[in-house]
1. Have a look at Leu123, Leu243, Leu398 and report the one farthest towards the positive end of the charge dipole of the chain, computed about the Cα centre with Cβ charges (Lys/Arg +1, Asp/Glu -1).
2. If you take the alpha carbon radius of gyration of the range 4-201 and divide it by 2.2 N^0.38 Å, what ratio comes out, to two decimals?
3. Pairs to check: Lys174/Lys205; Lys31/Lys138; Lys141/Lys363; Lys285/Lys363; Lys174/Lys242. Give those whose C-alpha atoms are more than 27 Å from each other in this structure.
4. Using the Cα centre as the reference, give the magnitude of the dipole from point charges on the C-beta atoms of the range 216-402 (Lys, Arg: +1; Asp, Glu: -1; all else neutral), rounded to the nearest 20 debye.
5. Any chance you could give the angle, 0 to 90 degrees and rounded to 10, that helix 293-304 forms with the longest Cα principal axis of the chain?
6. How large is the helix-only mean residue ellipticity at 222 nm for the chain, computed as the sum of -39500 (n - 2.57) over DSSP H runs with n ≥ 4, divided by its residue count, in deg cm²/dmol to the nearest 500?
7. Can you compute the modelled spin-label distance between Thr158 and Lys193, with each label point 7 Å from Cα toward Cβ, in nm?
8. When a footprinting reagent is the concern and you count Cβ atoms within 10 Å, what order do Thr187, Thr158 take, fewest first?
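Laboratory data are not the source of any read-out in this text; all were calculated from the coordinates shown. Just so you know, these numbers come straight off a predicted model, no measurement behind them. Glycine gets a Cβ as well: all are built from the backbone with ideal geometry, and neighbour counts include every protein chain shown.
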Amino acid sequence: MVVEQLTINTENFLGGLSTKSSTRQSTQSYKLQRFPFRKKESLRAWDAADEYLLSYLNENSLLTEHSSILIVNDDFGGLSIPLHQYKPVMMSDSYLSVLAIGENENHNHIESQTVTVIDSLHLPDNELENTPDVVLIKIPKNLSLLEDQLHRIRPLLTSETKVIAASMSKNIHKSTLALFEKIIGPTKTSLAKKKARLIFSEYDKKLNVEGNPYPCQYSLDYKLDDVNIEVSNHASVFSTSKLDIGTRFFLENLPISEQYKTIVDLGCGNGVIGVFAAIKNPQAKIIFTDESYMAVDSAITNFLSIFSEEREVEFLQTDCLQGVEENSVSLILCNPPFHQNNAINDYVAWQMFVESKAVLEDKGELWVIGNRHLAYHAKLKKLFGHCETVASNNKFTLLKVVKDKSRIPA
């Protein structure tokens, strides 16, 4: 397992712990890992934007002993861990980020929960002893999420609050800056450094800010058994304003069988697939899983809008299928993501497939929808020994595998 070290200049940070004799500046190194941990990890747990932001704080002496810090979207602790001595509050929509920061605290012998982590569904005012002096934001891939988060933090700001955002330059667009201008106030950017930029936004008390548009609602134009479904979608959830074509194709081909006793909507998003599976298979218990807090909350809302509390259902805030009992599931429905944050890869899909094999009962089925070019069939055949194409069009392929111990490769 590769463990990368982030070395930062801590001369003007509180309590720089070590000094390298070869330089005149106090430095501190932190061991950081991405999460989930992988033996052959090729990506770092931080980026140049994290380094730029930390350097800016240090060079401009923006932090004092009593500084109150709010950090937004720190994926693996690239900001929270170096700034742990300030006991920051970190707001995130990712359960994996919560796990990553906890693990990286342990790696660096930092007292557990020194960093207070809250989810993006809540305002952080109850978690902060004082109004934040500094708000540090890593720009998320989803600008809808950024918009929602800016609305949530605005009530905490004063004219004295320093609001500084960071990202790689390629991820900062006019639309990004426009959100800060629209919700926070006057905004400008820094020069680029190592292909990263900073965004500085000043709180404007007099700014006329419209209400937070999230969660948003829309009616599905796809109906089943004359059931009208009003979908509620939080900002970070895929298909924010309409049903995407991949999900539509999946819904058109959902399986029906009285043999399905437990169905899992894996990586459920807003839960539409699981809701329709529940309608088609009234005898089945449904389990929704996702690592996004906003996704699980959206799935809860959408399921309860159709079914009473008597319908057997479980919602898991988890990493893929962690918490689901092995050999207990009849059917898994999955539309895997092909990226983690801004990194495009098949790590999450592969993890989903491996864990599906473990939790499926004998003769249990895994149905996977994906873009044709992703070639999921090769991975599924390697794991299960076979793979069947249920349906396909010019963009998507719907695949099915059955867990059969006699066909699984050794």
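1. The Cα lying farthest towards the positive end belongs to Leu398.
2. Ratio of Cα Rg to 2.2 N^0.38 Å: 0.97.
3. Details: Lys174/Lys205 23 Å; Lys31/Lys138 20 Å; Lys141/Lys363 38 Å; Lys285/Lys363 17 Å; Lys174/Lys242 24 Å.
The answer is Lys141/Lys363.
4. Around 780 debye, computed over the range 216-402.
5. 40 degrees
6. So the calculated ellipticity at 222 nm is -7000 deg cm²/dmol.
7. The answer from the label model is 2.8 nm.
8. Values: Thr187 20, Thr158 10.
Final ranking by Cβ density, sparse to dense: Thr158, Thr187.
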